[in-house]
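> The structure follows.
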Amino acid sequence: MAEHPDTPDFAPLDSLLHEERVFRPLPETLAAALVSPARLRQAREQAEADPLAFWEEAAEELDWFGRWDQVLDDASPPFYRWFPGGRCNIVYNALDRHIQTAAKNRLALIWEGEPGDCRTLTYYELFRHVNRFANALKSLGVRKGDRVVLYMPSLPETVIAMLAVAKIGAVHSLVFAGYSAKALKDRIDDARAVCVITVDGFYRNGRVLQLKQVLDDALLLGGHAPETVVVCHRAHVDVEMQDGRDYWYEELVRAERPQCPCEVMDSNDMLFVLYTSGATGKPKGIVHTHGGYMVGVSRTFRWVFDINPTDIYWCTADLGWITGHSYAVYGPLMAGATTVLYEGHPLYPQADRLWSTIARYGVTILYTVPTLIRMLMRFGKELPRKHDLSTLRLLGSVGEPLNPEAWVWLHKHIGRQQCPLLDTWWQTETGMIMVSPLPASLLKPGSVTRPLPGIVADVVDAAGAPVPPDKGGLLVIKTPWPAMLAGIYNDPDRYVEEYWSVIPGAYLTGDVARKDEDGYLWMQGRADDVLVIAGHRIGAAELESGLVSHKAVAEAAVVGVPDAIRGEVAKAFVILAEGYEPASALIKELKAHLKRELGPVAVLGAMEFPASLPKTRSGKIVRRILKARERGEEVGDVTGVEE
Ligand code: PRX
């Protein structure tokens with residue numbers, strides 16, 4: 001959810017965090033890696049010398065119905081078009097092509113419901129379900145190019161619906177199952193959805209959330225009215241069905257044939273719209289298309305996660321988030337891998353749910369978020385020890401800066417100091433992982449390492465000039481990449497203005513980062529969250545990282561509050577670890593600790609100990625809410641905020 005930083009006078013940041021630890025890959029990791037250091041070096045050289053040939057080679061690993069005329073049409077930047085003229089459908093690569101291979105009978109999906117029920121689907125079974133539902137959608141009148149909103153939690157039917165919609169050339173738009181009626185209505189309106197797919201209810205944290213009811217409430221708010229609503233059974237709660245508009249999924253698919261060809265799409269036809277909640281007002285629909293997205297996601301999934309047919313891969317992200325799209329559904333399915341899905345709350349019924357799930361299915365690759373890791377650290381290292389986690393061979397993180405302490409904890413207590421820990425940086429807009437180590441890379445805790453081959457990222461000042469090593473600046477992407485957003489739905493001007501106008505010719509990520517002498521990138525948070533303390537610009541992420549490195553701190557959010565003398569001072573909102581109480585001695589100790597860790601500039605003003613921090617459902621701390629409250633300002637749109 002990249003927000004646009006309002007910082008035309010942006011000057012370089014000071015970096016306070018200095019991390020010296022280095023982890024080299026084990027010899028056995030190096031020997032087994034799909035992409036060896038030599039191959040990686042060669043890929044970088046190739047991508048640098050001829051980026052288009054590099055991406056063309058990636059495209060050739062996939063199946064197309066007709067070859068592209070050109071790899072990249074860059075005639076009218078920033079409206080780049082990848083593989084124009086190419087004919088394809090991402091679903092063909094995710095499903096149909098596996099049916100002709102040994103992958104046919106492999107598990108595509110292992111799904112676990114919050115109450116503990118489990119369902120598995122082989123590629124062939126998933127294929128048949130998708131075809132049936134694709135035919136049902138056609139029977140309902142859904143056509144190529146139509147938008148279909150999926151208001152669903154992580155269920156097998158959600159994957160089936162995504163693929164069915166895409167298979168017939170329609171456009172899916174997932175809306176978080178935690179969003180309110182108003183947020184849902186805004187998204188249905190903006191997308192002008194012809195159809196909405198939902199469930200009767202689902203399980204979250206021991207309760208049943210009645211989604212169909214929320215949808216009914218949303219539709220009563222007026223605005224654009226979808227022609228049809230499809231409801232899947234999940235929690236078996238009573239729902240009202242409106243004659244002629246609402247249909248049960250199970251009844252629709254019963255009579256449909258399990259064969260359905262893929263609609264032949266142009267590379268640049270829309271695949272999905274995914275809304276990110278902007279700081280203010282109107283939701284922003286990020287558009288991704290079939291061709292470039294499938295190439296970027298397929299290549300990065302295989303390279304970063306080093307996937308092989310025996311892997312059981314679990315990405316804990318909700319399907320309604322870009323990570324769920326790219327790396328729980330499309331990436332793993334295109335690779336013919338087995339992907340694990342979980343419906344509910346990660347700490348339900350108790351804090352070891354994540355660990356027990358890994359043990360139950362023999363998960364080999366875990367891709368998760370820092371907030372969950374920090375939460376689980378609070379419960380100590382004994383909890384994971386009760387479970388057999390020996391199947392794990394790779395760990396991944398995404399969504400927020402993974403502070404070195406959490407990195408080292410995860411690496412040591414979950415990864416047995418053997419599993420490479422891949423901190424991957426990317427965004428809804430980038431569609432695919434952009435900056436990340438590969439399993440054979442040298443790792444530094446807290447660093448996302450280097451841009452992947454084919455990605456040209458840099459750290460610059462407001463004029464677009466590179467900042468010196470170890471100074472922070474704006475992270476920009478300097479050349480187009482295949483899975484890049486095609487634009488903002490129905491708002492081309494906003495696309496140009498928010499992403500391409502601040503630094504001419506470069507894509508503005510909205511994040512701040514520093515590059516060290518080895519070219520490794522260290523994320524410092526959002527540009528909007530930079531603090532200016534006595535003339536020093538400091539990324540919120542560094543101050544937070546400094547705080548959570550103290551054993552009493554489980555989580556922290558830091559925002560700048562106005563100060564007559566220093567311009568701004570840092571205010572910290574701290575969640576304490578088990579067994580600690582807020583006390584003046586502890587506050588003093590934490591302030592001293594921060595100065596010890598980060599130096600004398602890291603002056604903390606007030607400290608608060610709230611019961612929880614405002615977070616998005618995807619686990620990101622929403623600092624702007626804390627900041628607005630401190631300044632007595634309007635909070636703006638809070639539809640994406642869970643707690
Ligand atoms: O601020 C960065 C942070 O998450 C933002 C993108 O959020 P979203 O579009 O919701 O997508 C999240 C999953 C791809 C970025 O602008 N972010 C993401 N990954 C990292 C990160 N910050 C630090 N380190 C990361 N690895």
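The values are calculated or read from the model by the stated rules, or taken from the named source; none is laboratory data. Predicted model, so just to flag it, every value in this text is computed and none were measured. Every residue, glycine as well, gets a Cβ built from its backbone with ideal geometry; the counts of neighbours run over all protein chains shown. Just the protein is used for accessible areas: all its heavy atoms, side chains included, with ligands, DNA and RNA removed. Shrake-Rupley method; radii C 1.70, N 1.55, O 1.52, S 1.80 Å.
> Considering only DSSP beta bridges with both partners in the chain, what is the antiparallel share in %, to the nearest 5?
Of all bridge pairs located within the chain, approximately 60 percent are antiparallel.
> Another question about this same structure. Sum -39500 (n - 2.57) across every DSSP H segment of at least 4 residues in the chain, then divide by the residue count to get the 222 nm mean residue ellipticity, nearest 500.
Values: 19 runs with 179 residues, N = 643.
Counting only the DSSP helices, I get -8000 deg cm²/dmol.
> Given H placed on each backbone N at 1.01 Å, which residues far from residue 577 in sequence or on other chains put an amide H within less than 5 Å of it?
Result for residue 577 returns 553, 554.
> Another question, if that's okay. Stokes-Einstein diffusion coefficient for the chain at 37 °C in a medium of 0.692 mPa s, Rh from the Kirkwood formula over Cα pairs: what value in µm²/s?
My calculation gives 131 µm²/s for D.
> Leaving out ligands and nucleic acids, note down the accessible area per residue over the chain with a 1.4 angstrom probe, in whole Å². Intermediate results must be reported in sequence, preceding the final value.
Numbers: 23070 Å² over 643 residues.
Spelled out: the 1.4 Å probe surface of the chain, per residue, equals 36 Å².
> I would also like to ask the following. Find the Rg to Rh ratio for region 113-256, where Rh is the Kirkwood radius over alpha-carbon pairs and Rg uses the same atoms.
On the Cα set of region 113-256, Rg over Rh gives 0.94.
> Now for a different question. Can you tell me the length gained on complete extension of the stretch residue 629 to residue 53, counting 0.36 nm per residue apart and subtracting the Cα distance?
Working: separation 576, 0.36 × 576 = 207.36 nm, distance 5.07 nm.
Between residue 629 and residue 53, full extension yields 202.3 nm more.
> Next question. Give me the distance in nm between label points sitting 7 Å out from Cα along the Cα-to-Cβ direction at residue 250 and residue 46, one decimal.
Here the answer is 5.0 nm between the modelled labels.
> Oh, and also: How far apart, in nm, are the 7 Å Cα→Cβ label points at residue 501 and residue 478?
With each label placed 7 Å out from Cα toward Cβ, I get 2.5 nm.
> While we're here: Which value, in Å² and to the nearest 10, is the accessible area of residue 143 when all protein chains are kept and the probe is 1.4 Å?
Residue 143 exposes around 130 Å² with every protein chain in place.
> Quick one: check the C-alpha center-to-center distance for region 585-619 versus region 26-85, whole angstrom.
43
> Given a 1.4 angstrom probe, I'd like the percentage of the accessible area of the chain that is carbon and sulfur, rounded to a whole number.
Exposed carbon and sulfur together represent 50 percent of the surface.
> Find, among the trypsin sites (Lys or Arg not before Pro) in region 53-102, those assigned to loop by DSSP (not H, G, I, E, B) with at most 16 other beta-carbon atoms within 10 angstrom. Don't skip to the end; give the middle numbers.
Details: sites: 67, 81, 87, 97; in loops: 67.
Those satisfying the criteria are 67.
> Can you spot the lysines whose alpha carbon is less than 27 Å from residue 167's alpha carbon? Ignore those fewer than 8 places along the same chain.
Once the sequence-local lysines are set aside, what remains near residue 167 is 104, 138, 144, 185, 212, 284.
> At a 10 angstrom cut-off on C-beta neighbours, averaged per residue, how do the peptides 209-219, 534-544 rank from highest to lowest?
For the peptides 209-219, 534-544, the packing ranking is 534-544, 209-219.
> Between the DSSP loop rule and a limit of at most 14 other Cβ atoms within 10 Å, which chymotrypsin sites (Phe, Trp or Tyr not before Pro) in region 62-148 are left?
Answer by residue number: 65.
> Would you mind checking the pairs 471/571; 478/515; 386/412 and listing those with alpha carbons more than 19 angstrom apart?
471/571
> Set the Förster radius R0 to 51 Å, insert the Cβ-Cβ distance between residue 32 and residue 345 as r into 1/(1 + (r/R0)^6), and round the FRET efficiency to 0.05.
For residue 32 and residue 345, the calculated efficiency is 0.90.
> What figure in square angstrom, to the nearest 10, would you give for the accessible area of residue 144 with a 1.4 Å probe?
Accessible surface of residue 144 is approximately 90 Å².
> Give the long-range amide H neighbours of residue 13: residues separated by 5 or more places, or on another chain, with amide H under 5 Å away, using H modelled in the peptide plane at 1.01 Å from N.
Result for residue 13 returns 472, 473.
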